[in-house]
Amino acid sequence: MPLMKPVQAQGSWKWKPLTGRLEIDAPAGTPLSDLGGSWSLDALEKMLEGLSRGRLRRVFEPGEGPVRCPLRLSSGQDIHLVGMFVSETEASGMLLTGESFPELDQADLRPGPDLVPVYQPIISLRDGRVVGFEALARWNGAEPMAPPSRWEDHALATNMLIRAAETVAEMRRETRRDDLFVHVNLTARDIIRSNMPALIDALMSSHNLPDRTIRIELTEQAALRDGPKTVAAAMALKAVGAGLVLDDFGTGHSSFAWLADLPFDSLKIDHGLTARLGEARTDTVLATITLLAQRLNMSTTAEGVEKREDSGRLRALGFDYAQGFAFARPMDAESAVKFLRG
């Protein structure tokens, strides 16, 4: 049986409903560079083979949610449009080539031996329950609170996702809590890797995790270093069921533009703001942010909370969740399960 060609990222796309055109960014020198440009669906479908014709019209009918459309060019090249609607009519995402999306070799789903993440609880301010955890990288033999100091970014991101998926699946089984989620921090370089949507899709499928159980924290300032590529890649992650969290909101000058570009599920408010809780102007800013998030159908998390008595004020300001030393320090997986059980 011939080996299937793995997926590779080859560019990005945007569907513009007002003009009825699909704008494809496929850089020169890439296998799909001939597709670069602005296309009417009629013109693009003339390049497609057999049953692929007509599919694009159905994909871009007004709606919402993920876009996962495999197509075959008349040249025999397999391509995939993977992304999300950003509104009822406008969509964007990644352009991939290859035959094997979203399959991965099972060997790719095994983490390295010395990565032992720790997990910091995320607390619901409504009822005080643990609703999720943020996974933080630690190493065997290192100081318990020491951050990672080795491995390439790709290995770290892949291994953190694998460990986090395993742990949250075990937590859900052990506690019979089907509402638990886990946050994993990724950089912009991590999410634009061509295998990232396939990895997350495979992890969620193999552990039988529903959408948004794995939530990707993306720091705005890192993401904006390569904005268009990051937007396209983040859309692809949402298309396979990952949640998106804008981390450290309030530290960068372009936060609001970033909110307009991506349908984030949640905001994490930078500890620099939450540390000033109780100051009149700061409280006004925080209340305004939580109101904005509510209107955008996003939840909000206050991070870096160090005093338990701040819970009531945060709740009054509209926050959904809180995270910080006031509730618990990062802990290993076994301790996290015990913490869940009370």
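The values are calculated or read from the model by the stated rules, or taken from the named source; none is laboratory data. From a predicted model like this one, the values you see are computed outputs, not experimental measurements. All Cβ positions, glycine included, derive from the backbone under ideal geometry; neighbour counts span all protein chains shown. We work out accessible area using only protein heavy atoms, side chains counted, and drop any ligands, DNA or RNA first. Shrake-Rupley method; radii C 1.70, N 1.55, O 1.52, S 1.80 Å.
Table for the structure above
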| item | result |
| --- | --- |
| Flag for residue 22 being open to solvent by less than 20 Å² (accessible area, probe 1.4 Å), closer than 22 Å to residue 195 by Cα and either in a strand (DSSP E or B) or in contact (Cβ under 8 Å) with a residue 60 or more places away in the chain (or both) | no |
| Within region 46-69, tally of residues that are free of Cβ contacts under 8 Å to residues at least 24 places away in the same chain and of a type in the set (Phe, Trp, Tyr) | 0 |
| Region 163-178, residues that are open to solvent by 60 Å² or more (accessible area, probe 1.4 Å), at negative phi and assigned to a loop (DSSP other than H, G, I, E, B) | 178 |
| Search result, residues across region 37-65 that are assigned to a helix (DSSP H, G or I) and not aliphatic (A, V, I, L, M) | 42, 45, 50, 52, 55, 57, 58 |
| Single unsatisfied condition, residue 43 versus (1) touching a residue at least 12 places away in the same chain (Cβ under 8 Å); (2) hydrophobic (A, V, I, L, M, F, W, C); (3) over 13 Å from residue 235 (Cβ atoms) | (1) |
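Residues checked against (1) under 19 Å from residue 200 (Cβ atoms); (2) part of a strand (DSSP E or B); (3) aliphatic (A, V, I, L, M); (4) at pLDDT 75 or above:
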position: 93; (1), (2), (3), (4): yes, yes, no, yes
position: 96; (1), (2), (3), (4): yes, yes, yes, yes
position: 103; (1), (2), (3), (4): yes, no, no, no
position: 107; (1), (2), (3), (4): yes, no, yes, no
position: 111; (1), (2), (3), (4): yes, no, no, no
position: 120; (1), (2), (3), (4): no, yes, no, yes
position: 123; (1), (2), (3), (4): no, yes, yes, yes
position: 135; (1), (2), (3), (4): yes, yes, yes, yes
position: 143; (1), (2), (3), (4): no, no, no, no
